[in-house]
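Here is the structure we will look at, set down as structure tokens.
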Amino acid sequence: MTAAATALLMTGTGVMTGVGAAVAAPTTERTTTVAASPDIEAMISGMSLDEKIGQMTWTHVYGSSADDTSMAASNQERYGVDTPAEVVAKYNLGGVLYFAWSGNTNNPQQVAGLSNGLQQVALGRDGTGIPLAVTIDQEGGLVARIGSPATVLPGNMALGATADADLARAQGEILGSEMRAMGINVDFAPVLDLNSNPDNPVIGIRSMGEDPALVSALGVAQIDGLQEHNVGAAAKHFPGHGDTSVDSHYGLPTVTYDRETLNQHLKPFKAAIDGGVDMVMTAHIIVEAIDPEMPGTLSHKVLTGLLRDELGFKGLVTTDALDMAAMAAEWPQEEIAVKAIQAGSDILLNSPDVDASFAGVRAAVGSGEITESRLDESVRRILEWKVRRGVFEQPLADPATVDKLVGTAGNLATANLISDHAVTLLRNQERVLPLASGSSVLMVGAGSGRPEIAGPMLKEQGFTVTEDYENGSSPSAAYRARAVAAAGNVDAVVFTSYNAGANAAQQQMVAELAATGTPVIVVATRNPYDISVFPGADAVLNSYGVNKVNFHGVVRAISGAINPGGKLPVNIPKADGDGVLLPLGFGLRYDTTTPAAVTFTDRPGKGQDSYLVPSVEGVAYLVEGKEIAAGTYRKPAGTVSVTAVPMKGYVFTDGATTEWSHTFTTGTPQTLNSEPLVRVTPPGSSSVRP
């Protein structure tokens, strides 16, 4: 870890540097930074103007292999050619960008094959061409272009809830090792935006939180992990997209806060720069404190004045995707390309009209608006980065190792560990949780909250589960009525909510379920603010996502297999917006208790035999499955086995002894026999009283 990261961990608010269980190192064949040094100046001097523009142009292609013609219509519409290979060749691209919707990410082996095919096109038949930056948005969680069997992670806000830099670095290492194995050498991650606006429609759980120290420390740790595997990380979205109420995919947001507030949003970016991040991605937002006229992507004041001159960033600057409405709906592509370069960007990412982008830059060079030496600066930085990250030395993936390195058991275990540490308990009235083993549960919820994933997982935890699901985010009247009717027949209701603050139907359904008198447990699966609109819920937990890995920690917390330890990485405002309901860092835990040992006395003659059951708060002792009171039990016969289980609302400490057994004799005197060990509770696996 860098010195900057270490310093942040020493000073950051509530940031932990260790975890309760060991983090498995990703299975990988690490690529070290290479010393291969092609003559970059000679390469630049030998390039045509179009080749220089091409090196600065990174865009997506349609298809699953270099010569795939199945999406030729899409390639033709956008680029005028049929195949991914032809797109690379036509523009002499400096980089490609993978998406699932463009057919690029079907499975790890296919991704590696596509990467290799495109690299071979860029290198040329003689192998002397310039290899590609192969890029992706694989943040983990909500934004992940490659799914299973690659490792699915709980996401950044879940990571923020752990406040654990070791887990953050582990997440970065998983992403770095798996992407590099598939031939990807740039991951547009991590998101360093502070999600300080609960109404933010585009960042939300993609953020690690709103505390600058927390996001800085976890961000630098992720960057270290990614770049350890020679995958360039990109801090985004500079200078901060976390306080917007407009999604820049659909419009141009403006933030109106003062420079002092902006400085808080800049702290994670400054930490990333000091920590050696390779790239910074711009935000398509107007930051009035710096430039009230132009969005960051097109602002010289933001990209050169603030990012390069004030913060001292020397690496690569890339635009966010230029086909987003914040750009494409405001300016023609010719103008966008020119303004982005003039502002200080090195990379024109995903222009919707590459031909127009090229034409605009050509014309600007011809008129003197942009000098060719300015393009040389960006091309030089791009080529130097490709050398530093081993792209020249090792451009190709090894297909034989993909299955060994992607989605490994160790990586999957680390993802589950993040989930276990992230689950955040915000309310637990009358010690509803953990539920008693064998309880009957009604599993329902907003369809967008994916209750159908949680139901079977609760069954695996030993609950009797009645399942009723409906598609969509707004539960219908009929669905609500069915759930209310079923609630009277179960011990508890589990309801998955999804951004319920703006959804009256979800709020109504939870209120109606609560009115039945059956305990209602809400799992808030998206942004963490739902508790403010569920005053009737008996318990509320945050999962920070709807993937199976997010529910891993939740269902284990509901059963008591783990004691929830996540802490809010954001403030939760009251429903009316007047003040804070729950503060940053809030999180409940179950009461913890440790059983005392059962002791056995075995003396000559049965009349003197006995065993003593102690009295311990939160502990029940069972013999043959039936609870017995504390005290001395005389004249036992044969073998007596006593089991300890936690009472409602309690969990056992890790490693607690939970079962004792002794066989009494009727003849020869025995020495005092105390607490023969039969079962010990393993870490993170407390059982719950039936």
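Things to note:
- Under 5 Å, built H, 5+ apart or other chain: amide partners of Leu153: Gly141
- Lys404-Arg634 FRET efficiency (beta carbon distance; Förster radius 51 Å; 0.05 resolution): 0.25
- In units of the rule-of-thumb radius 2.2 N^0.38 Å, the stretch 423-589 shows an alpha carbon radius of gyration of 0.92.
- Helix-only arithmetic for the chain: the sum of -39500 (n - 2.57) across DSSP H runs with n ≥ 4, divided by the residue total, places the mean residue ellipticity at 222 nm at -10000 deg cm²/dmol.
- Annotation: the residues Leu541, Leu405, Leu132, sorted from fewest to most other C-beta atoms within 10 Å of their own C-beta, follow the order Leu405, Leu132, Leu541.
- Ordering Gly117, Val134, Phe551 by the projection of their Cα atoms onto the charge dipole of the chain, which places +1 on the Cβ of Lys and Arg and -1 on the Cβ of Asp and Glu, puts Phe551 at the extreme positive end.
- Three semi-axes of the equivalent ellipsoid, the stretch 481-572, Cα gyration tensor, whole Å, largest first: 21, 17, 11
- Cut-off under 5 Å, modelled amide H: who pairs with His60 long-range: Leu97, Asn350
- D (Stokes-Einstein, µm²/s), Kirkwood Cα radius, the chain, 0.692 mPa s at 37 °C: 120 µm²/s
- Ignoring lysines fewer than eight residues from Lys459 along the same chain, the ones with Cα atoms less than 29 angstrom from its Cα are Lys548, Lys567, Lys626, Lys648.
- Restricting the stretch 221-323 to chymotrypsin sites (Phe, Trp or Tyr not before Pro) that sit in a DSSP loop and have at most 16 other Cβ atoms within 10 Å of their own Cβ leaves Tyr250, Tyr257.
- For the stretch 423-589, DSSP calls about 30 percent of its internal beta bridges antiparallel.
- Stretch in the chain that is longest and holds no GluC sites (Glu not before Pro) that DSSP places in a loop and that have at most 16 other beta carbons within 10 Å: 30-287
- Placing +1 on each Lys and Arg Cβ and -1 on each Asp and Glu Cβ, with no other charges, gives the stretch 270-321 a dipole about its Cα centre of roughly 140 debye.
- For Ser245, Ser351, Ser439, the sequence from fewest to most other C-beta atoms within 10 Å is Ser245, Ser439, Ser351.
- Between amide H atoms placed 1.01 Å from N, distances below 5 Å from Gly129 occur with Gly124, all of them 5 or more places distant or on a separate chain.
- Think of each Lys and Arg Cβ as +1 and each Asp and Glu Cβ as -1; about the Cα centre, that makes the dipole of the stretch 336-482 roughly 360 debye.
- Across the stretch 312-415, C-alpha contacts under 8 Å between residues 6 or more apart give a mean separation that, scaled by the residue count, equals a relative contact order of 25 percent.
- Put in line by how crowded their Cβ is, counting other Cβ atoms within 10 Å and starting with the fewest, Ser45, Ser610 read Ser45, Ser610.
- A Förster radius of 22 Å combined with the Cβ-Cβ distance from Thr69 to Arg125 puts the calculated FRET efficiency at roughly 0.55.
- When the chain is described by a simple charge dipole with +1 on each Lys and Arg Cβ and -1 on each Asp and Glu Cβ, the residue from Leu581, Pro614, Phe358 located farthest towards its positive end is Pro614.
- Estimated FRET transfer efficiency (Phe99, Glu335; beta-carbon r; R0 30 Å; 0.05): 0.75
- Estimated at 0.36 nm per residue, the fully extended path between Asp247 and Asp309 surpasses their Cα-Cα distance by 19.5 nm.
- Calculated from backbone phi, Karplus (6.51, -1.76, 1.60) coupling profile of the stretch 489-501 in Hz, x at Gly/Pro: 9, 10, 7, 7, 10, 10, 10, 8, 9, 8, 6, 6, x
- Computed magnitude of the charge dipole of the chain (debye, nearest 20; Cβ of K, R +1, Cβ of D, E -1): 2280 debye
- Potential lengthening of the chain between Tyr257 and Thr666 amounts to 138.9 nm, from the contour at 0.36 nm per residue minus the alpha-carbon distance.
- Counting DSSP beta bridges with both ends in the chain, the antiparallel % (nearest 5): 45 percent
- Here the label points at Glu51 and Val616, each 7 Å from Cα along the C-beta direction, are separated by 7.5 nm in the simple model.
- Cβ-defined net charge surrounding Val540, 15 Å radius [Lys, Arg +1; Asp, Glu -1]: +3
- Residue by residue, the stretch 344-358 carries 3J(HN,Hα) couplings of x, 6, 9, 10, 9, 9, 6, 5, x, 9, 5, 4, 5, 4, 4 Hz when phi is fed to the Karplus relation 6.51 cos²θ - 1.76 cosθ + 1.60 (θ = phi - 60°); x denotes Gly or Pro.
- Cα coordinate range in the stretch 291-378, projected on the principal axes (Å, largest first): 33, 29, 21
- Longest exposed-site-free window of the chain, the sites being trypsin sites (Lys or Arg not before Pro) in a DSSP loop that have at most 16 other C-beta atoms within 10 Å: 315-573
- √(5λ) per eigenvalue of the Cα gyration tensor, the stretch 83-137, largest first, Å: 19, 12, 9
- Each Cα pair under 8 Å and six or more residues apart adds its sequence gap; the mean of these over the residue count of the chain is a relative contact order of 12 percent.
Since every read-out is calculated from the coordinates, none of them should be taken as a lab result. The structure presented is a predicted model; accordingly, all values stated were derived computationally and were not measured. Heads up, the Cβs are rebuilt from the backbone with ideal geometry, glycines too, and the neighbour counts pull from every protein chain shown.
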